[in-house]
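The numbers here are math on the coordinates, done by the rules we state, and not lab data. Predicted model, so just to flag it, every value in this text is computed and none were measured. For neighbour counting, all protein chains shown are included, and Cβ atoms are generated from backbone atoms with ideal geometry for every residue, glycine included.
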Amino acid sequence: MAKNKTPLLDQLESGPWPSFVSDMKQQAEARAKNENNVEYQIPVDVVDDLLGVLELSYVDGETHWKHGGIVGVFGYGGGVIGRYCDQPEMFPGVAHFHTMRVAQPGGKFYKTDYLRQLCDLWDFRGSGLTNMHGSTGDIILLGTTTPQLEEIFFELTHKMDQDLGGSGSNLRTPADCIGQARCEWACYDTQDLCYQLTIDYQDELHRPAFPYKFKFKFDGCPNCCVASIARADMAFVGTWKDDIRIDQDAVKAYVEGDVKPNGNAHAGRDWGPFDIAKEVLDLCPTECMRYENGKLEINNRECVRCMHCINVMPRALRPGVHGGLSILVGAKAPILDGAQMGSLLIPFVEVNKESGYEEIKNVIEPIWDWWMEEGKNRERLGELMKRKGFQALLEAVGVDAMPQHVSEPRHNPYIFWKEEEVPGGFEMDINAFRKRHLR
Amino acid sequence: MAFISSGYDPKSPMENRVTDIGPRKYDEFYPPVIAKNKGKWLYHEILEPGVLVHVSETGDEVYTVRVGGARLMSVMLIREICDIADKHCDGYVRWTTRNNIEFMVDSKDKVKPLIEDLESRKFDAGSYKFPVGGTGAGITNIVHTQGWIHCHTPATDASGPVKAAMDVLFDDFKDMRMPAQLRVSLACCLNMCGAVHCSDIAMLGYHRKPPMVDHEYLDKMCEIPLAIAACPTAAIKPKKVEIDGKTLNSVDVNNSRCMYCGNCYTMCPCLPLMDKEGDGVVLMVGGKVSNSRSAPKFSKVAVAFLPNTAPRWPETTDAIKKIVEVYAADARKYERLGEWAERIGWERFFEKCELEFTHHLIDDFRDPAYYTWRQTTNFKF
C-alpha cells in the first residue's frame, strides 16, 4: 500500500513510453519490503515521500524544493548539490535530499559488475534513485542525507576507484561522444582526450577557483552528437585537413540503388530511388562536388567538411586520414544575456597523445588565466568575450586574426586602434596644430 | 536503522583520504569487440528502427540495440538492465547522450533474442521498460532536466511532460518516416541545464511574474548587492522598508523591467517567482547542433506560452504533434525542421502549423533583436 496517494502521477503510468512513476513505485515498494534486509542508512520511505512531494507539485503547479545548502565533502567545493524540501513535516523522508554527481566513464560504457556495485551502494546509503545521466553527463545519485555524504565518498574512492564530478564555479565533468570506439567518423580519440584532460585538471574540477562554471565537450566530428558547439565553454570538434576518402565502386552502388543512402536512416518511407544530384551534390553547401561518367569528384580545397555527403554515403565516403580538431569557445545557454554558440578560435590543432595533448593545453590555460583575471563573478567565458571583444581573446591566447574567425568582417569602422599601430602615436602637439590651423 | 560507517573517520578526515582520481578509465568498460576494433570502423547501417550494425576493417561486426528509457531511473531498473546485459551482452552496456540505453552483441544471431527479451518487459501498469527504437530519421529520446522532482527554480516539471510527449510521439520513436532526425528537448527553466536552445523542438519552462519580495527576511538571508548585481536588466534596487516599526534593508523590483529569468532568486531565496498561473511552457523550434549542410542554429520561439496542465500537458503535446506532422508532410528529404522553416519562410511556417503569431514572438531583447527583424521587401503574402 503506497504511503501517499498520487492520483495525478498515476495518470503517467499509462501509455507506451517507460513510466518513471511506475519505476519509482516499484522502488518504493521494494524498499518497504526490503527482502534483502538492507540496513538502509536514509529513511526507508524516501521514494514514497518523493512521489508525495512531486504529487503536491502537480497540484500546486510549483516546486517544493529549497535552495541548495552548503554541503559537500571535505576538501572539495563541488560534486554535491544540497537540497531540502520546503514541506519537511509532510514529507520527512525527503527533508534532506542531496544530489551527488559521480564522474561518468568516457562514452558511457559500463560493465555490469561496476553498475551493480554502484546500485548496492546507492540502495544502502541513498534513495536508490538516479539519473542516467545528468545533462552535463555525470551519473546523478538523487537524494541522500548530510551524514551519508562522506561515507559515500569514502566508499566510492576506496572500493570503486571512482571520484565525484563537478558542480559550482569550477570545471564541470567533461563529456565526450562515442568517438572511435564505435563510430567511423571520429577524427580523433574523443575518449582519450576527454579522460586525460579530466585527470590532468582534477584540481580545477573539484576546487572552485573560476568566475563561474566551465564546460569541456568533445565531439569526434562536425555532426556534434554531444552538442559541444552549443553547450561547452570550450568545444573540441573533430575535423580533418586532407581529402575525403572516396570508394568509387561504393559510390556507384549507391547510385545504382544497391546500397540504401544515409545508413538506411530513411527506411520508414518510400522516398523514391536515390538521386545523387538531388541528395548529395545539390545539398553541398559549397557546391564542390560533381558526378560525371560514373565518377565522383570533390574539390577538397573548397570543402568546409560539413559531413552531409559522408552522412548520406557512409560506405563510399570517409573523412580524411589527417585528423585533428577545431576549438570553439564561449557557448552557453541563454541566461543571462541570451544563448551563445561557440565561436571558432583555433581552426585546426593536432591531437597528439604522445605530447600529453600539450598543443591543446596551450590553448586552454591562457584562456583560463585571462578569464580568471578579467571575468566578473558569475560571468561565463562567452559573456566575457562579448564584453571585452574577440580581439582581447586572441591576444590572451596569442593567436593572430584570420578570416576563419568571422562569418563576415565588421559592419562599422569603429576600430579600437592600438597606439603603436598609428604612426607617431596618440600624443599630438596642439600648439603645432594651431600653427597650421588658426583658432 | 543503525548508522554503519564506511571506514571514514570524521575526526581525521585526511587519514587514508583518496581524492582527485577522476572517473574510471573508458577502456576498462569496453566490450571486447569495441576494444579490438576501436578506430577501425568502416561504416554503419540501420537494420531496422533501433538496430544498428557497425562493420570494421577487421571484418568484425557489432550489433547495437538501442532502447528508450526515462533518465530518472531506480537501482531496481538498473539491476534489470544489468541482468539483460549479463544474459545477452557478456556484461556490457552503455548509455547514449540522449538517455537511451544501448545493448551491443558481436553477432547477428544474438540480435533477435535480445530484442524479444527487451520488448517483452513491461512495468506492472503497462508501459514498456525498454522500447526499441530511436534511430535515423525518427524521433529519439528527449533530453531533459530535473523539474519539480529535484530543482528549486523550475517553471514546469521535466519527467512528466517528457513522458506525456514521448507517449504522443511514440510511433515515431519506433519509425523512421521523418525527413531527417528530429531532436526534442526540455529544460524546466531558462538556465537550460538541458541546452534546449539548439533543438528541433524544445519545451522550455518559463516564469511570467516578477519575484515577490520577502522583506522581513531578505537582509538576513541574502547579500543585497549580489541580488542587485544578479539582475541582467537592472530592475532591482536597494530599498528601506518599515515593518513593525523597524527599518529593514531590502530591495525594490521594477516590474516593467523584469524578464522573469529568476537569476535574482538563484542568488537570494527571498525573491521567489514561481506561480501556478504565471508558470508554463514556451515552445521553441528550428534549432540544430550539427554542422551538416547549414551552420548550427538556435531554436526560435514558436509559441510564447502554454499552461502547466498536469499531469499530461495536453496543450503542449498537441502543439508538438501538429508541428511534427506538418514538418513530416512538407519538408524535403534531409531537411531539418529549422532548414525547412527557413526555406518556406517563417510566415508560411506559422500558417501551415496553424500557430498564431503574436507580438511576443518579435525579439526585443538587446542587440540581437534587430538582426531578427525583416530588412528586405522579400516576404510572402
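Structural remarks
- Full extension of the chain between A:PHE74 and A:GLU374 yields a length gain of 105.1 nm, computed as 0.36 nm times the residue separation minus the alpha carbon distance.
- Once Rg and the Kirkwood radius are both taken over the C-alpha atoms of region A:7-159, their ratio Rg/Rh works out to 0.95.
- For trypsin sites (Lys or Arg not before Pro), the sites in region A:326-431 that DSSP calls loop and that have at most 16 other Cβ atoms within 10 Å are A:LYS376, A:ARG410, A:LYS418.
- Solvent-free Debye scattering, log10 I(q)/I(0), computed from the Cα coordinates of chain B at q = 0.08, 0.10, 0.11, 0.12 Å⁻¹: -0.56, -0.83, -0.96, -1.07
- Residues A:MET372, B:MET274, B:MET267 arranged by fewest to most Cβ contacts within 10 Å: A:MET372, B:MET267, B:MET274
- Applying the criteria of a DSSP loop state and at most 11 other Cβ atoms within 10 Å to the trypsin sites (Lys or Arg not before Pro) of region B:1-110 yields B:LYS11.
- Mean projected area of the convex hull spanned by the Cα atoms of chain A, taken over all viewing directions: 32.5 nm².
- Neighbour counts of C-beta atoms inside 10 Å place B:CYS188, B:CYS353, B:CYS198, A:CYS85 in the sequence B:CYS353, A:CYS85, B:CYS198, B:CYS188, starting with the fewest.
- Rounded to whole Å, sorted largest first: equivalent-ellipsoid semi-axes of the protein assembly as shown, Cα gyration tensor: 39, 37, 28
- Distance between the pseudo-spin-label points of A:THR146 and A:ASN36 (7 Å out from Cα toward the beta carbon): 3.0 nm.
- P(r) for region A:1-74, from all Cα pairs and a bin width of 5 Å, is 3, 14, 21, 19, 18, 14, 9, 2, 1, 0 %, short bins first.
- Kyte-Doolittle mean at least -1.0, axial Cα span of 18 Å or more - DSSP H helices of chain A: A:20-33, A:46-60, A:112-125, A:146-159, A:358-374
- Fully extending the segment from B:PHE350 to B:GLU277, taken as 0.36 nm per residue of separation minus the present Cα-Cα distance, adds 23.7 nm.
- Low-density loop cleavage sites - GluC sites (Glu not before Pro) in region B:1-103, where at most 13 other Cβ are within 10 Å (DSSP): B:GLU15, B:GLU57
- A Förster radius of 25 Å combined with the Cβ-Cβ distance from A:LEU281 to A:VAL321 puts the calculated FRET efficiency at roughly 0.55.
- FRET efficiency for the B:ARG79 to B:LYS25 pair, using the beta carbon distance and R₀ = 25 Å, is estimated at 0.55.
- Ranking of A:ARG31, A:ARG318 by count of other Cβ atoms within 10 Å, fewest first: A:ARG318, A:ARG31
- Note: relative contact order over chain B, using C-alpha pairs below 8 Å and six or more positions apart, is 11 percent.
- Compactness of region A:239-305 - radius of gyration and Dmax, Cα, Å: 12.7, 37
- Simple label model, 7 Å out from Cα along Cβ direction - B:LYS112 to B:PHE3, nm: 5.8 nm
- With distances taken between every two different alpha-carbon atoms, region B:72-120 has a Kirkwood hydrodynamic radius of 11.3 Å.
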